[in-house]
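The values are calculated or read from the model by the stated rules, or taken from the named source; none is laboratory data. Everything numeric in this text was worked out from a predicted model, so none of it was measured. Cβ coordinates were reconstructed from backbone atoms using ideal geometry, including for glycine residues, and neighbour counts include every protein chain displayed. All accessible areas refer to the heavy atoms of the entire protein, side chains included, with ligands and DNA or RNA removed. Shrake-Rupley method; radii C 1.70, N 1.55, O 1.52, S 1.80 Å.
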Amino acid sequence: MNAIENLITRRSVRKYKPDMVPKDIIEKIAEAGTYAPTGMNKQVPIIIAVTNKELRDKLSALNAQIMGAENIDPFYGAPVVLIVLAEKSMPTYVYDGSLVMGNLMNAAHEYGIASCWIHRAKEEFETELGKQILADLGIEGDYEGIGHCILGYADCEKPEPAPRKENYVYWIE
């Protein structure tokens, strides 16, 4: 598949099989995230790859609690969570982290892996659990959660694209 076709055909998936994605594929997807453009090439985002089911489930429960809906799985059963955070010292940190998220989702699609951007990473990493995860990994600095890129194998039909809105692009010639 060429790059444009990949961008046009990727969809967010909200139902996953429990099957684990092979580690080498997760590594390739994460590596693609590290090549996202960043302001002044400062590379302020980081990626935390979570494949540990116990931690994944704790993060899911915390995310649901923050959402105010404690009896659901905001990660839709996906076994892998790539958490993107960015160091707040750079004025472009949110944009930089968002570009990493885009690269992760598009790379996943290229490898036949379903993905979806899940919010509330900011709030998660302001909690004691979030701070402890960073401390346990030896991560120091003033990081803000940008998003979770959930990964796995779809347990549903591929979603159809919504029609593109009118006047999406304005031309000045």
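For region 21-55, name all the residues that are open to solvent by 90 Å² or more (accessible area, probe 1.4 Å) and over 22 Å from Glu144 (Cα atoms).
Lys23, Glu27, Lys53, Glu54
Here is a list of conditions, (1) aliphatic (A, V, I, L, M); (2) farther than 13 Å from Pro79 by Cα; (3) within 17 Å of the chain's Cα centre (by Cα), and Ile26 meets all of them except one; can you say which number that is?
(2)
Filter region 56-72 for residues that are open to solvent by 50 Å² or more (accessible area, probe 1.4 Å) and in contact (Cβ under 8 Å) with a residue 12 or more places away in the chain; which is nearest to Ile150 (Cα to Cα)?
Lys58
Every residue, every condition in (1) at pLDDT 95 or above; (2) part of a helix (DSSP H, G or I); (3) more than 13 Å from the chain's Cα centre (by Cα), yes or no:
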{"position": "Gln43", "(1), (2), (3)": "yes, no, yes"}
{"position": "Asp57", "(1), (2), (3)": "yes, yes, yes"}
{"position": "Ser60", "(1), (2), (3)": "yes, yes, yes"}
{"position": "Ala64", "(1), (2), (3)": "yes, yes, yes"}
{"position": "Leu82", "(1), (2), (3)": "yes, no, no"}
{"position": "Leu99", "(1), (2), (3)": "yes, yes, no"}
{"position": "Ser115", "(1), (2), (3)": "yes, no, no"}
{"position": "Lys122", "(1), (2), (3)": "yes, yes, no"}
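Among the hydrophobic types (A, V, I, L, M, F, W, C) and either part of a strand (DSSP E or B) or under 14 Å from Gln65 (Cβ atoms) (or both): which single residue out of Leu134, Leu104, Leu129 fits that description?
Leu129
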